[in-house]
1. Average the reciprocal distances over every distinct pair of alpha-carbons in the chain, invert the result, and give the Kirkwood radius in Å.
2. Quick one: 308, 80, fewest Cβ neighbours within 10 Å first, how do they rank?
3. Mean shadow of the range 216-281, computed from the convex hull of its alpha carbons, in nm²?
4. Can you tell me the orientation of helix 156-167 relative to the chain, as the angle in degrees between its alpha-carbon axis and the longest Cα principal axis, to the nearest 10?
5. Kindly give Rg over Rh for the range 15-119, based on alpha-carbon atoms, with the Kirkwood expression for the hydrodynamic radius.
6. For helix 276-289, report the angle its Cα long axis makes with the longest principal axis of the Cα atoms of the chain; keep it between 0 and 90° and round to the nearest 10°.
7. Mind giving me the nanometre distance, one decimal, between the label points for residue 221 and residue 298, set 7 Å out from Cα along Cα→Cβ?
8. Restricting to the range 196-341, compute how many DSSP beta bridges are antiparallel as a %, nearest 5.
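Only the coordinates and a few stated rules stand behind these numbers; no lab work does. Nothing here was measured: the structure is a model prediction, and the numbers come from that model. Backbone-built Cβ (ideal geometry, glycine too); neighbour counts: all protein chains shown.
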């Protein structure tokens, strides 16, 4: 998205809708075109915020209620989603070109239609791009709008360990808070996978950029009543060598650890947690909430038997980093047995 224009990249898309979307977003274009801005947040009429260099700023941008409603409606049409005031249609999520849009319609959003635009990665990073002496990331070929985070670097020993984890088909979780770089880092881990592997990726909203030749991408769709959990189950019938879940947040946690414990090694996923160790507890909670008739200890033992490593990302003062990294070695005496491989002070 450069030069103040939204380009239609799918031949099936309606050029008229694209022109209407361009018009609806015209007031936001200076923000969307600014390479230093990662996210644009519309809280309601004429209440527009941005994230720049990790800090939130209120802008003087004027964006009306009609602008917001029109933009959401056109985006929904172009991405084959339904929005409206019927059950399940007041919330909207979609990846579109080089951005991800999450919206909540009024009156659910009490100050007027609200949405958040996150720029997706225009730069595809490899693990080597995170090394201290790496000059840059590799262009994806479509855009260079995504900010290159020069300060997010990893020691060579961590880089080598992560390569080893992926190459030896260890099951890995990437945890962290919002906007800590989990998806971008997950993409970097995927790039380590050999081209001979058959990979199935499952996402709530498509964000991953995968260039493996034998790759199938699944995206959940609430309008069609297809959940991430449904897709994890379906994936097992697709002869995967590896499974990647863009974000584990519910009952799919149970199906994913079942897959890992039945011969599907080399799986990856992200989840929200406060630390690498806390990620294991969060996974337990998700499994418990899906209604399985297992004790807490049985769930923990299952997790310990299939999750091999956890990488926790954080953001401090706008700078992203690997805060801690653990290797899971088992479950004994009511506790996970782990080895801390990295701990930032």
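1. 21.2 Å
2. Exposure proxy ranking, most exposed first: 80, 308.
3. With every direction weighted equally, the projected area is 4.8 nm².
4. Helix 156-167 sits at roughly 80 degrees to that axis.
5. Here the Rg-to-Rh quotient is 0.94.
6. It works out to around 80 degrees.
7. Here the modelled spin labels are 3.6 nm apart.
8. 60 percent
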